[in-house]
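Please treat every number below as a calculation from the coordinates, not as lab data. Only a predicted model underlies this, so the values are computations on that prediction, with no experimental measurement involved. Positions of Cβ are backbone-derived with ideal geometry, glycine not excepted, and every protein chain shown enters the neighbour counts.
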Amino acid sequence: MIHKLFCWVCLMITLCWSSVSLAIVIVTDSKNMFDVIAHNKPPQSFPEEVYNRVLTQLSVDKFLFAPHERISTLMSEGEPICTPFRLKTEEREKVYVFSRPTDFFFNRRLYQQKSSEPISQKFLDSNGNVIDLVEMLVSSTEYTLLTGANHSYGDFLDDIIAKIPPNNLYVRHGIDPYSSMIEMLSKGRVAFYLTYPSIMRNNPEVENLRSYGIAGTPRYEEGHLMCNDLEGSRAFLRAFDDVLMSLYQSGEFVNLAQKYMSEDEWVQLKRIVDSTLLED
């Protein structure tokens, strides 16, 4: 009898601990993402599809919509919090913990208005890629690169951007900066904007833009759910990763991407999943 009672108590403690440890807040600076996960709006991108599939199978305390820089503050206040669409960098890994890859971004490019003077050939390699972004930008007082506050472009580009003089940078703050950044470029308020073709593909403004690759950039970058390093956050990540792995294994992850990617990108993604993600 005592043994049975002890087992029952252990079971209840385990269940209570699981319930507490899985309590989580998801905060995003993307209005589209917030509408999908908080208000059941239809996903409009591959990562939104993935998060929608995973989070509907998990218990989330609440969803918040906040500026990028505010998210950093929230994640330092002691409550288990996670935020989507984050690249894993050396600096971030010192502070945060990450999920398995939730999305893949291919071939980040530098966008410019077609009505502007093209970048001089002396700054481009034989494939039309910008050889030295810093050197190109400082060559003209008219050249400004638009970036997001506290935004990471991955270790390779973060190191380059850190060397750009302030006069050649325009740092955008505020809520949901992504659509406003494209608008700023289209209106000529900045000269250049770094983003992914997958983000620009369905934007009508892309017809008025030209783009350049940046020499040496990685072929693709992985997006993750990034969480503060608390036990509750780690417990939620374990559950999150289990559901995500089931999407890899069933083929649903790759299938969700097909309508949002070019054929070449989709083939690359399928190869990455088969050769890397299913090996973990």
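Counting Lys and Arg as +1 and Asp and Glu as -1, what is the net charge of the other residues whose Cβ lies under 9 Å from the Cβ of PHE105?
-2
Looking at the chain, what % of its DSSP beta bridges pair antiparallel, to the nearest 5?
On the way: 20 of 33 bridges.
In the chain, DSSP labels about 60 percent of beta bridges as antiparallel.
Filter the DSSP H helices in the chain by two things, a Kyte-Doolittle mean of at least 0.0 and an axial alpha-carbon span of 24 angstrom or more, and list the hits by number. It would help to have the intermediate numbers written out before the result.
Values: long enough: 2-21 (28 Å, 1.45); 231-250 (29 Å, -0.02).
What comes out of the filter, once short or polar helices are dropped, is 2-21.
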Revision key, fill the gap. Here Rg/Rh (Cα, Kirkwood) for the stretch 24-97 equals 0.95
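Provide the net charge surrounding ILE160, with neighbours chosen by a C-beta distance below 11 Å and charges set as Lys +1, Arg +1, Asp -1, Glu -1. Please report the intermediate quantities before stating the final value.
Details: positive: LYS163; negative: ASP132, GLU135, ASP155, ASP158, ASP159.
Surrounding charge for ILE160 is -4.
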Review point. Over the Cα atoms of the chain, how large are the radius of gyration and the largest Cα-Cα distance (Dmax), in Å?
Key: 21.2, 84
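Please report the antiparallel percentage of the DSSP beta bridges confined to the stretch 108-213, to the nearest 5.
Working: 9 of 15 bridges.
Beta bridges within the stretch 108-213, antiparallel portion: roughly 60 percent.
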Point to revise | Net charge of neighbours whose Cβ lies under 15 Å from the Cβ of ILE81, counting Lys and Arg as +1 and Asp and Glu as -1 | key: -2
Revision key, fill the gap. With bins of 10 Å, the percent of all Cα-Cα pairs of the stretch 209-280 per bin from 0 is 15, 38, 30, 15, 1
